[in-house]
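Novice: Attaching a single structure in C-alpha cells format; questions to follow.
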Amino acid sequence: MESTQQKNYTIPIIMMILLFGMVSFVTNLAAPMGVVLKNQFGVSNFLGMLGNFANFAAYAVMGIPAGKLLEKIGYKKTALLAIVVGFVGVGVQVLSGVAASFAVYLVGAFIAGFSMCMLNTVVNPMLNTLGGGGNKGNQLIQIGGSFNSLMGTLVPILVGALVGEVAKANITDVYPVMYIAMGIFALVGIVLYFVNIPEPHIVAANTSLANSKYSAWSFRHFVLGAIGIGIYVGVEVGIPSTLMLFLADPATGVSGGAASAGVVAGTYWFLMLIGRFIGASIGGKVSSKTMLTVASGVGMVLVALAIFSPVSTKMLMPVIQTDPTIAFGMAEAPINAIFLVLCGLCTSVMWGGIFNLAVEGLGKYVAAASGIFMMLVCGGGIFPLIQNAIADASGYLTSYWVPFLGLAYLLYYALIGSKNVNKDIPVD
C-alpha cells in the first residue's frame, strides 16, 4: 500500500486539480456577491465590492509569508492548513447570512483570501512535482488552470440563478454555493491527510543571496512587471464584476435580472477558459512579449468600444431564464456587454506573459520574485474598488476607464518596460 502511494499519485493529483478550481470558485464568489450585498444592505457599488477587496487584501498580507511557510513545513502541511483556513472563511460567510451582517461577511471574505493565497502558492509547484516535472508537470498545471477557469465560469451563473430577483437578494440565497465550497474543502482535506505526496527538497538558506547587495527589486523590468501583475489582476476581476452590477441594474441591464446577468458575466470566464486553451497551444511558437502586446492592445480596443457604444443598442445573448422554469434562452443585452465579455480572451493569456517577462534573466532571484508576485495579487481587490467608486460617481461605463488605463500600462510593459536593462547584475 505504501509503495503504491509513493508511485501512483492519481488521487492527490485529482485533489490538487480540485483545489486549483476552488481558488477560482471562492475568489470569484466575492464579485457576484457584490450584487447581493448591494441589495440586501442597501449599500453603494463601492461598498458592495468590499468583499472582493477583503479577499484580495489578504494576498498583500500573506503573499511572502505563504512562501516562507512552504519552505518550513512543506507542501502537504501548507495545503492542509490552507484548506482549514478556507473552510473557516467560507463558514464565516455562511454565519454572516444567519446574522444578516455585512461586517461578518467581510471578515469571512478576508479569511478566505488567506486560504486562496496559500493555495495559489502550493498548487502550481505541487502539480508540477506530482507530474515529475518536465512536460507532464506542465501538462498537469494546464489541466488545473483549465479547471480553474471552468469554476470561474460557473460561480456567477450559480449566484445569479440562486438570487433570481435582485430586489430580494439575500446572503442566504447563496448558501448552496458556499456549502459546495465547504464540502469540497472537507473532501480534499481528508483525502490529502491520508495519502503520501513527494516533498521537493527546498534550499532553506542561500548564502550567496544572503550576502548579495542585490535583490529581485534591483531589476527594473521585474519591478515594472510586479506592478503589472497587480494591475492585470485588477483588470481581470474588475471587468466582469462591474459588468454583473451593470447588467443586474434594471435601468441599464439585461432582461431576466441577476440570473441573466450572471450568465452573461460568466461568459467572460468561459472565454478565459477558451483563451487559455489557445494560449497553451501556441505558447511554444509565440513569444510572451508578442502575446501580451496583442492581448493588451486588443483589450484596449474592446473596452473603448464598450465605453463609447450606446447602451440603447441591444443584441441577443444566451442567458438562463427563470420564468416559468429554469432553462437556457436568449435575452436582449446592451452591446457594451459583448465587448466586455470578449475581453476574457485577452486577459486569459496575460498572467503567464507578464510573469515570464518579469523573471527573465533573474537567475537565483526568481524564488523571491515569485513571493513578491503573489503579494501584489492584492491589486485584484484595489482596482475594482476604485472602479466601482467611479461607477457610483459617474456611471458604470465611465468606470471602465480604470481597466482601459490598466491595459495601456500592460501594453507599455510589453513593448518597453519588459526589457532587461540590468544585465550587469550577477545572477548565478
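The values are calculated or read from the model by the stated rules, or taken from the named source; none is laboratory data. Just so it is clear, the structure is predicted and the values come from calculations on it, not from any experiment. Cβ sites come from the backbone with ideal geometry, for glycine too, and all protein chains shown count toward neighbours. SASA here: full protein model, heavy atoms, side chains in, ligands and nucleic acids out. Shrake-Rupley method; radii C 1.70, N 1.55, O 1.52, S 1.80 Å.
Novice: Note down the accessible area of Thr10, probe 1.4 Å, to the nearest 10 Å².
Specialist: 70 Å²
Novice: Can I ask one more? Take peptides 61-68, 77-84 and line them up by average Cβ neighbours within 10 Å, highest first, as a rough protection proxy.
Specialist: Numbers: 61-68: 19.1, 77-84: 20.6.
Per-residue Cβ counts within 10 Å, averaged per peptide and sorted highest first, yield 77-84, 61-68.
Novice: A follow-up question, please. Regarding region 43-110, what whole-number volume in Å³ per residue does the convex hull of its Cα atoms give?
Specialist: Numbers: hull volume 4.8 nm³, N = 68.
Spread over its residues, the Cα hull of region 43-110 gives 70 Å³ apiece.
Novice: At 1.4 Å probe size, what's the solvent-accessible area of Leu316? Round to the nearest 10 Å².
Specialist: 100 Å²
Novice: Among 228-241, 342-355, what's the highest-first ranking by average C-beta atoms within 10 angstrom per residue? Provide the component values of the computation, followed by the final result.
Specialist: Details: 228-241: 27.1, 342-355: 24.1.
Final packing ranking: 228-241, 342-355.
Novice: What are the extents of the Cα atoms of region 345-416 along their three principal axes, listed from largest to smallest and rounded to whole Å?
Specialist: 47, 24, 21 Å, listed from the longest principal axis down.
Novice: How would you rank 90-100, 110-120, 401-411, highest first, on the average number of other Cβ atoms within 10 Å across their residues? Let's see the in-between values first.
Specialist: On the way: 90-100: 18.7, 110-120: 25.7, 401-411: 21.9.
The packing order, highest mean first, is 110-120, 401-411, 90-100.
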